[in-house]
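Structure, as structure tokens:
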Amino acid sequence: MQEQEVYIWEGDDPPTWVKDKSGAVNPGLNHVCTVKADVSGFTNSMEVRSGSKGEYYAVEFQVAI
């Protein structure tokens, strides 16, 4: 199960990051909802990628609300 929080920006010039270094949501952003999905069906679509901590599996998909 994967989940992603969705925020709305209510101002000018949106920030680059949703949360600051301490994990607090930046002012002007408001939590709207959390989208949860069972992505186990994507297992065969995953690609091996390399990052600073080694290899990992990734799959890209879009969600429209």
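A few comments on the model shown:
- Loop-resident chymotrypsin sites (Phe, Trp or Tyr not before Pro) (DSSP state other than H, G, I, E or B) in segment 1-53 with no more than 12 further Cβ atoms inside 10 Å of their Cβ: Trp17.
- Exposed-site-free run, longest, the chain (rule: GluC sites (Glu not before Pro); DSSP loop; at most 16 other C-beta within 10 Å): 11-59
- Straight-distance candidates among the lysines for linking to Lys53, with alpha-carbon spacing under 25 Å and chain neighbours fewer than 8 residues away dropped: Lys19, Lys21.
- Calculated from the alpha-carbon coordinates, the chain shows an Rg and a Dmax of 15.3, 41 Å respectively.
- Counting DSSP beta bridges with both ends in the chain, the antiparallel % (nearest 5): 100
- Neighbour cut-off at most 16 other Cβ (10 Å), DSSP loop, trypsin sites (Lys or Arg not before Pro), the chain: Lys21, Lys53
Bear in mind that the values in this text are calculations on the coordinates, not laboratory data. Values in this document were obtained by computation on a predicted structure and should not be read as measured data. Glycine gets a Cβ as well: all are built from the backbone with ideal geometry, and neighbour counts include every protein chain shown.
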